[in-house]
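Working notes for the structure below.
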Amino acid sequence: MATGDSPDEGSASRYNPPMHSTTAPPLVRCRAEGLDTIDADMLCAPVFLHGDAPDADDDGHNLGPLDLALGGALRRARASGECTGKLHERFLTDVIDTTWRTRRVLLVGAGPRDRYDTAVARAVAATAGMAARERAVTRLVVWCPPRCQAPGITQAVVEGVLLGAFRDTRFKTRDTGTPPLRELTVALNGSVEQQDQTDAERGAIVAECSNLARELANEPGNLFTPRVFADRAIELVNGPRTTVEILDEAAIASQGMGLLQGVAQGSDEPPRVIVMRYEPEDAVPGPVLALVGKGVTFDTGGISIKPAAAMDLMKRDMAGGAAVLCAMRAIGQLAPPIRVIGIVPAAENMPDGRAIRPGDVLTAANGMSVEVLNTDAEGRLLLADALTLAQRLGATHLVDIATLTGAVVIALGHHASGLVGVPPAWVDTVRSAADATGEPVWPLPALDAYATQLKSETADLANIGGRAAGAVTAAMFLKAFSGGLPWAHLDIAGTAWYEEASPSHPKGASGVGVRMLTELA
């Protein structure tokens, strides 16, 4: 059992891949002095739908003084229909007033004034972050007018800007893009309270960790193997409050994790189990939260091989594991007074002569036998053994997160992750954390009737339950290994990456799960 003192021989040193971004996170601060005194490359402000708030200035939150500095450009754009306030709409103009230190202003549509909340604030700020990166802005000011300064808005704005400004150019040798954001100022009216700066710093931590998860999920499978995954955990998570332990092949065998071993045996790359423990000195007696993330660093489907089209995306089949790893990093920095365990079972699913076959029977860490009817349903096998390990380590509440099924994409598309769990109170708690962080989930039923689809003629359990309700039966398989504890399963197959770029995010891994798991802790 390796403790993480040094990288495994033959992993990172063998491949020597680019590590995570070495760019320092931007300086984030809150300021309350006049906008004309702040020196930056660009100022961003939200603009609501035209005429949406007639009791205020024409823009809905008194942009009149700013428009004076713009020489009336906003009112002219309103009149011409160039700036309507539609969500994500951009209007860039110059400052005419020569006394202002910032010379460019970006107005971003924020939609209806009465729907402005932390989710909209985050989306608007992400659009600003995207625009800043496109225009080589390294110093950005985002103005929160008085009517926008609601609880949680400052954190949402910081998160949005840093998520929108994200670019992963580590593997490009020529087109490295524009320089990264180096300073972010949130301009507030009135005075800056300590809570404002605390919220801004919290937003910066959570966004940085979400972007790290995106980098991990974007890495190619030849460079990001289970052993490299373990090395990254040591590098990113080890700290004064959080320890990392790596289980190698011998330690995995000693835990009886036969499902994980079965998946891994078809690859030349050995498996690893990453165990992270956050144990603060001020931890309150009570729940021990376990976060378990699927860490399949490349998934061919095994003998039940996937179609060639889009198989390259299977380098991201460890997005759940990346979310857990980076949530543990964020938790270690934010220091909630609760004990948290993070577990990532990491393996490759490959189809060589040693690979498991359909019809094979494996023995799980809890002693149950599982008939493998489809080797492409491997993620649930890894997670099942990891859930058992979490219980052995003292967990009282379980959450697993995985790019688990295509069925959840059919059911929910790409806008919400699937949520299955018991009891209802725990499911509601997890859902509340997701909603609060702008990572929506949608509950699916955990009825015992669905478990009957997993009956096997040969073993205690089959690893698939047929096409009907595939997302639910996959979750019910995991429920069988939850030990009767409060348990929730998050299926992020539809939300783990952006298929296309949008006004608020680039194409690629989304980092979904980091914010909600951190909030849950």
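Once you have a ≥ b ≥ c as the square roots of the Cα gyration tensor eigenvalues for the range 157-206, tell me rounded if a/c is under 1.5, and otherwise prolate or oblate according to whether a/b is larger than b/c. Prolate, since a/c reaches 1.5 and a/b exceeds b/c. Per the Debye formula with a single identical scatterer at each Cα and no solvent contribution, what log10 I(q)/I(0) holds for the range 326-450 at q = 0.16, 0.18, 0.19, 0.21 Å⁻¹? Normalising to I(0) and taking log10 leaves -1.06, -1.29, -1.39, -1.53. Rg and Dmax of the range 460-521, based on Cα coordinates, read 15.5, 49 Å. Note on K172: aspartates and glutamates with a C-alpha under 14 Å away, same-chain residues under 8 apart excluded, are E215, E219.
Once Rg and the Kirkwood radius are both taken over the C-alpha atoms of the range 271-336, their ratio Rg/Rh works out to 1.15.
The long axis of helix 470-479 is offset from the longest Cα principal axis of the chain by roughly 70 degrees. Put simply, the Cα atoms of the chain extend 77, 50, 48 Å along their principal axes, the longest span coming first. Using the scaling law 2.2 N^0.38 Å as the reference, what is the normalised Cα Rg of the range 249-395? With N residues counted in the range 249-395, Rg over 2.2 N^0.38 Å equals 1.10.
For the chain, the per residue solvent-accessible surface stands at 39 Å², with DNA, RNA and ligands left out and a 1.4 Å probe. To put it simply, the accessible area of the chain at a 1.4 Å probe is 52 percent carbon and sulfur.
Overall size of the range 376-426 from C-alpha positions, given as principal axis extents largest first: 35, 31, 13 Å.
Average 1/r across all pairs of distinct alpha carbons in the range 156-271, invert it, and you get the Kirkwood radius: 17.8 Å. In the chain, the longest principal axis of the Cα atoms and the axis of helix 226-237 are about 50 degrees apart. Once C-alpha pairs closer than 8 Å and six or more residues apart are averaged by separation and normalised to the residue number of the chain, the relative contact order reads 15 percent. Each of A32 and L313 was given a label point 7 Å from its Cα along the Cα-to-Cβ line. The distance between the two points is 4.8 nm. Averaging 1/r across all pairs of distinct Cα atoms in the range 79-140 and inverting the result yields a Kirkwood radius of 12.8 Å.
Rg over Rh of the range 82-183, using C-alpha atoms and the Kirkwood radius, what does it come to? Rounded to two decimals, Rg over Rh is 1.00. Rg and Dmax of the range 424-504, based on Cα coordinates, read 15.3, 52 Å. Overall size of the range 230-325 from C-alpha positions, given as principal axis extents largest first: 51, 30, 25 Å.
The values are calculated or read from the model by the stated rules, or taken from the named source; none is laboratory data. For clarity, every value in this text was computed on a predicted model and none was experimentally measured. A quick note on method: Cβ atoms are made from the backbone with ideal geometry, for glycine too, and the neighbour counts reach across all protein chains shown. Just the protein is used for accessible areas: all its heavy atoms, side chains included, with ligands, DNA and RNA removed. Shrake-Rupley method; radii C 1.70, N 1.55, O 1.52, S 1.80 Å.
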